[in-house]
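Reading through the structure tokens given below for one structure.
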Amino acid sequence: FFRPPKIVYCSVASLSMAPPAKALFSRNSNGSDTDDKEFLIPEHMQNNARVVHWIRQYVSIVAGCVAGVLGLTNVVGFLVYPLFQLLAILIILSKTNSNVDKYFMSTANAAFGGFFDGAMTYLLFWTFVYDIAHLF
């Protein structure tokens with residue numbers, strides 16, 4: 001069984017699942033912090049986008065199989081896809097421990113970015129499983 005890679009923090013020194021470390025940007029003459037900045041790591045952002053893509057693909061496959069087995073047609077069949085994509089958003093929230101801002105540039109990007117990525121996968125599995133279950 002293929003498991004997608006884990007979602008990782010997008011800031012510096014975040015190879016483990018510990019809270020991201022803030023890199024010191026500059027210091028005052030008295031030694032106090034003047035400006036804490038988080039530096040984003042592009043590889044981590046790419047990894048997280050890839051994980052979200054695969055989560056949406058898996059959810060689309062399951063949604064297509066469910067709609068096909070249940071024999072859903074017309075608009076009801078098309079309404080299954082957004083419902084299961086809401087499930088994908090809940091999965092993403094659970095993988096990030098409801099702290100999406102540490103893993104993605106924006107919450108909207110994590111929740112709705114690639115919403116229609118799995119639409120063709122959904123249609124393929126919906127029609128395939130429907131044909132197998134109800135026509136043959």
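Taking (1) in contact (Cβ under 8 Å) with a residue 40 or more places away in the chain; (2) more than 12 Å from the chain's Cα centre (by Cα) in turn, Asp101 satisfies each apart from (1). Looking at region 59-91 only, could you name the residues that are under 13 Å from the mean Cα position of the chain (by Cα) and surrounded by fewer than 16 Cβ atoms within 10 Å (Cβ to Cβ)? Across region 59-91, the qualifying residues are Leu86, Leu87, Leu90, Ile91. Kindly indicate whether any position in region 81-97 is in contact with a Leu (Cβ under 7 Å, 6 or more places away or on another chain) and either modelled with pLDDT under 90 or within 30 Å of His134 (Cα to Cα) (or both). No; the residues of region 81-97 include none that is in contact with a Leu (Cβ under 7 Å, 6 or more places away or on another chain) and either modelled with pLDDT under 90 or within 30 Å of His134 (Cα to Cα) (or both). Scanning region 53-85 for residues being closer than 24 Å to Ala111 by Cβ, of a type in the set (Val, Ile, Thr) and touching a helix residue (DSSP H, G or I) at 6+ places or on another chain (Cβ under 6 Å) gives a total of 4. Where helices (runs of 4 or more DSSP H) fall wholly inside region 38-136, the ranges with 3 or more residues that are within 22 Å of Tyr9 (Cα to Cα) are 42-70, 74-95, 107-112.
Scanning region 93-116 for residues that are of a type in the set (Phe, Trp, Tyr) and under 16 Å from Pro42 (Cβ atoms), which turns out surrounded by the fewest Cβ atoms within 10 Å (Cβ to Cβ)?
Going through region 93-116, the residues of a type in the set (Phe, Trp, Tyr) turn out to be 103-104, 112, 115-116.
This time we only want the ones that are under 16 Å from Pro42 (Cβ atoms), so: 103-104.
Numbers: Tyr103: 25, Phe104: 20.
If we take residues in region 93-116 being of a type in the set (Phe, Trp, Tyr) and under 16 Å from Pro42 (Cβ atoms), then Phe104 is surrounded by the fewest Cβ atoms within 10 Å (Cβ to Cβ).
Scanning region 33-57 for residues that are among the aliphatic types (A, V, I, L, M) and modelled with pLDDT under 85 yields Leu40, Ile41, Met45.
The values are calculated or read from the model by the stated rules, or taken from the named source; none is laboratory data. The structure presented is a predicted model; accordingly, all values stated were derived computationally and were not measured. Glycine gets a Cβ as well: all are built from the backbone with ideal geometry, and neighbour counts include every protein chain shown.
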